[in-house]
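For reference, the structure discussed in these notes is given below.
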Amino acid sequence: FNKTQQFDQYLKRIIGKTASLFAMATETGAVLSDAPEESVKILKEYGMNLGIAFQIMDDVLDFTGTEEELGKPVASDLLQGTVTLPSLKIIEYYPQDNPVKRLFEGKGEPADNIAEAISLVKETSILNECIETALGYSRAACRDINLLPESPSKDSMFALAESMVKRRS
């Protein structure tokens, strides 16, 4: 319920929560396969950026998905007081009065604030900006993949990074 949170704090949280798990998985796979140190570094960075892209898209889907797609109520992060990239953008673009601030301060009906927040994300540039941010991290994940030795896994890694920003659940 911290309406003063900044992007760098959000990024630090999702790195600690999701991206570090992805990075550990990709790094561990490289280490266990006795990959060269440079490959281990590339794969760890791939996982880190992939995890950030994944979490940003998860946060976007919290506003744009359906309960059936998500397996949880829409805007559940916001209801729990978790500030995500879409809600950060709402706060940034509407600093004086916005549904996130009202929700966190207990003003108005929660359902009305949630509905307004969802509308703002869908009907303004916020949705596209968040997706562009996720795309940037997806591209960063793939930046050095071509430096790895040739293998069938490389194509899968590119496809996985691309799928992060196209997923619906």
What net charge do the residues around ILE91 carry, taking every other residue with its C-beta under 15 Å from that of ILE91, with Lys and Arg at +1 and Asp and Glu at -1? -3
Run the paramagnetic zone check for ASP34: 7 angstrom along Cα to Cβ, then residues of region 146-169 with backbone nitrogen under 18 Å. 149-150
Picking from PRO149, VAL83, PHE54, whose Cα lies most toward the positive end of the charge dipole for region 12-169 (charges on Cβ: Lys, Arg +1; Asp, Glu -1)? VAL83
Part-to-part distance (alpha-carbon centres) for region 100-123 and region 10-61, which is given in Å: 32
Given points 7 Å out from each Cα along the Cα-Cβ axis, report the LYS12 to GLU109 separation in nanometres with one decimal. 3.8
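How much net charge surrounds GLU129 when only the other residues with a Cβ under 14 Å from the Cβ of GLU129 are counted, with Lys and Arg +1 and Asp and Glu -1?
Once positives and negatives cancel, what remains is -2.
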Normalised contact order of the chain, rounded percent, pairs of Cα under 8 Å and 6 or more residues apart: 28
Given 10 °C and 1.306 mPa s, compute D for the chain with the Stokes-Einstein relation, Rh being the Kirkwood radius over Cα pairs; round to the nearest whole µm²/s. 94
The chain - charge dipole about Cα centre, Lys and Arg +1 at Cβ, Asp and Glu -1, debye rounded to 20: 220
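Every number in this text was worked out from the coordinates using simple rules, so none of it is lab data. Bear in mind the structure is a predicted one, so any value in this text is a computation, not a measurement. Cβ atoms come from the backbone with ideal geometry, glycine included; neighbour counts cover every protein chain shown.
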